[in-house]
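Below is one structure, written out as structure tokens; comments come after it.
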Amino acid sequence: MMIALFWLLALLMFALATRLGRYVGLIPIVSQLLLATFGLPLLMVFWIEPHWQLSGAQLVEPVWLKTLYGLGFALVLGHILSDVIELDMDRQSLKIAVPSFCVPFCCGLACAFWLLPEQAWLSSLAVGLVFAITAIPVLFLYLHHIDYPPAATRRLVQTAILIDLTCWSLFAIAQGSLHLSSLLLPLLGACVPLLFRALRLRQPWVYSLTFFALLVVAEHYKLNALILGIGYLFCMAWLKQPFVLPLSPERFKRLQNTLAIPLILTFGIVQINVHSAVSSLSWLQLGALLALPIASKVFGNWLGLRWATPSFTGASRWRESLLLNIRGLSEIVFLNLLLQQQLISPALYFALMLMGLIATLMPAFAGMNRMIVKPAEQARSPCANS
């Protein structure tokens, strides 16, 4: 009873934080990250643990909660991966994406090998990918909110899609290489669109509902959901089958913001003793984990933007470098995936989540926060997935 009450309280807190954030011009994921990083740890330390006598392990123990978490995780992961089908390879976006991925990725690998405790090679690879990842949905919403020129928005979004596709694909392949036999079922699931086409099924909702259902099954049975999801969407793209959400964009977005994202954030953060997590890192390690991902990503972005032609007259490489450094939802989903698979420690999870929050807020700190109050979030684009 008390566990259910806690989760109801958490969902109400996220709803309140999102509503309050709108009044001060924050997009939902920023408000949610602020609450998850600071509000939830304080709630655990000063109320839940001493007064309710509940630990983080107890709060995530119920079977019904793990099932609900699996549904939420599949929902958000599927929505992020669905951007893959919208990829339109552009030479200028590719020029930006190459250094924007390679510089922070190499920096992350160096940090994992030289600054962090010895760990498996897959964990080190994951740290490098966390350094490089960009939040496609949050980036799109931010650009839309500040009325960024459409052509420049399209270029930056396509760049982010290329980077994130590289990150998700590399991790999926690396993870699958450890147990090649575990790839059979996900690859079979990825071929389902070919079966639907052979059966002359063309209704978009059949493909999208099956896609999310397969992700739920993969998450529940600990199969390689990334291989399944990316392969499924590539099959759809090859068949030129459009991807349509099973709900209207507005309803889907509301479901994410009110249930799925709060569940994912809370599920991860309540399992962490923030005090012991932070104290387990030296000041050098903590400083490096906060500064190096941002510095290397911004530098890589700047190199790519310098290589490519300007997206419009007067475009600022510095500003666009900060915009491509936005992390948000994609990084949180990736970090939760790593934490649940015990590929990163709770301390590393918290430090990188804090880094993601700082990186996502940096464009606003730099003065790029003049938002237009309009129903921008209702616009369906390749990336309106936050």
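Results, tabulated for the structure shown:
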{"item": "Residue in the stretch 328-345 that is more than 18 Å from L40 (Cβ to Cβ), more than 19 Å from the chain's Cα centre (by Cα) and outside any helix (DSSP H, G or I) present", "result": "no"}
{"item": "Of residues in the stretch 199-216 being of a type outside the set (V, I, T) and farther than 18 Å from V76 by Cα, the one surrounded by the fewest Cβ atoms within 10 Å (Cβ to Cβ)", "result": "R200"}
{"item": "Odd one out for L286, checked against (1) of a type outside the set (D, E); (2) without any contact (Cβ under 8 Å) to a residue 24 or more places away in the chain; (3) within 25 Å of C167 (Cα to Cα); (4) surrounded by fewer than 20 Cβ atoms within 10 Å (Cβ to Cβ)", "result": "(2)"}
{"item": "Selected residue (only one of L125, L165 is surrounded by fewer than 22 Cβ atoms within 10 Å (Cβ to Cβ) and over 26 Å from Q256 (Cα atoms))", "result": "L125"}
{"item": "Cβ-Cβ under 7 Å pairs, at least 6 apart or on other chains, the stretch 318-334 side among the aromatic types (F, W, Y), far side part of a helix (DSSP H, G or I)", "result": "F334/V130"}
{"item": "Any pair with Cβ under 8 angstrom, 6 or more apart, that starts in the stretch 112-124 at a residue that is without any contact (Cβ under 8 Å) to a residue 24 or more places away in the chain and ends at one that is polar (S, T, N, Q) and part of a loop (DSSP other than H, G, I, E, B)", "result": "A112/Q119"}
{"item": "Residue that is touching a Lys or Arg at 6+ places or on another chain (Cβ under 7 Å) and crowded, with 17+ Cβ neighbours inside 10 Å, where the choices are G304, G268", "result": "G304"}
{"item": "Extreme residue, farthest from Q271 (Cα to Cα), among residues of the stretch 10-22 that are free of Cβ contacts under 8 Å to residues at least 24 places away in the same chain and hydrophobic (A, V, I, L, M, F, W, C)", "result": "L20"}
{"item": "Wholly within the stretch 145-254, helices (runs of 4 or more DSSP H) carrying at least 1 residues that are at positive phi and among the aromatic types (F, W, Y)", "result": "none"}
{"item": "Pairs where the first residue, in the stretch 217-240, is buried (at least 21 other Cβ atoms within 10 Å of the Cβ) and the second is of a type in the set (D, E) and at pLDDT 85 or above, C-beta under 6 Å, 6+ apart", "result": "A225/E219"}
{"item": "Hey, L322 at pLDDT below 90, farther than 30 Å from L71 by Cα and buried (at least 19 other Cβ atoms within 10 Å of the Cβ) or not", "result": "no"}
{"item": "Residue in the stretch 94-109 that is surrounded by 19 or more Cβ atoms within 10 Å (Cβ to Cβ), of a type in the set (A, V, I, L, M), modelled with pLDDT under 90 and not in a loop (DSSP other than H, G, I, E, B) present", "result": "no"}
{"item": "Boolean, L35 is within 20 Å of the chain's Cα centre (by Cα), part of a helix (DSSP H, G or I), closer than 21 Å to F365 by Cβ and among the hydrophobic types (A, V, I, L, M, F, W, C)", "result": "yes"}
{"item": "Among the residues listed as A213, A190, A174, the single one being over 24 Å from V138 (Cβ atoms) and free of Cβ contacts under 8 Å to residues at least 12 places away in the same chain", "result": "A213"}
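Residues are listed down the side, and each one gets a yes or a no for (1) free of Cβ contacts under 8 Å to residues at least 24 places away in the same chain; (2) touching a Gly at 6+ places or on another chain (Cβ under 7 Å); (3) surrounded by 15 or more Cβ atoms within 10 Å (Cβ to Cβ):
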residue: V24; (1), (2), (3): yes, no, no
residue: P28; (1), (2), (3): no, yes, yes
residue: S31; (1), (2), (3): yes, yes, yes
residue: G39; (1), (2), (3): no, no, yes
residue: P50; (1), (2), (3): yes, no, no
residue: G56; (1), (2), (3): no, no, yes
residue: T67; (1), (2), (3): no, no, no
residue: H79; (1), (2), (3): no, no, yes
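For every residue, the table says whether it meets (1) over 10 Å from L226 (Cα atoms); (2) among the small types (G, A, S); (3) over 23 Å from the mean Cα position of the chain (by Cα).
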| site | (1), (2), (3) |
| --- | --- |
| T153 | yes, no, no |
| I173 | no, no, no |
| H179 | yes, no, yes |
| P186 | no, no, no |
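Conditions tested, residue by residue: (1) under 24 Å from V138 (Cα atoms); (2) modelled with pLDDT under 95; (3) assigned to a helix (DSSP H, G or I); (4) not aliphatic (A, V, I, L, M).
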residue: H275; (1), (2), (3), (4): no, yes, yes, yes
residue: L281; (1), (2), (3), (4): no, yes, no, no
residue: L286; (1), (2), (3), (4): no, yes, yes, no
residue: A295; (1), (2), (3), (4): yes, no, yes, no
residue: W302; (1), (2), (3), (4): yes, no, yes, yes
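The values are calculated or read from the model by the stated rules, or taken from the named source; none is laboratory data. Owing to the predicted nature of the structure, the values given are computational and were not obtained by experimental measurement. Glycine gets a Cβ as well: all are built from the backbone with ideal geometry, and neighbour counts include every protein chain shown.
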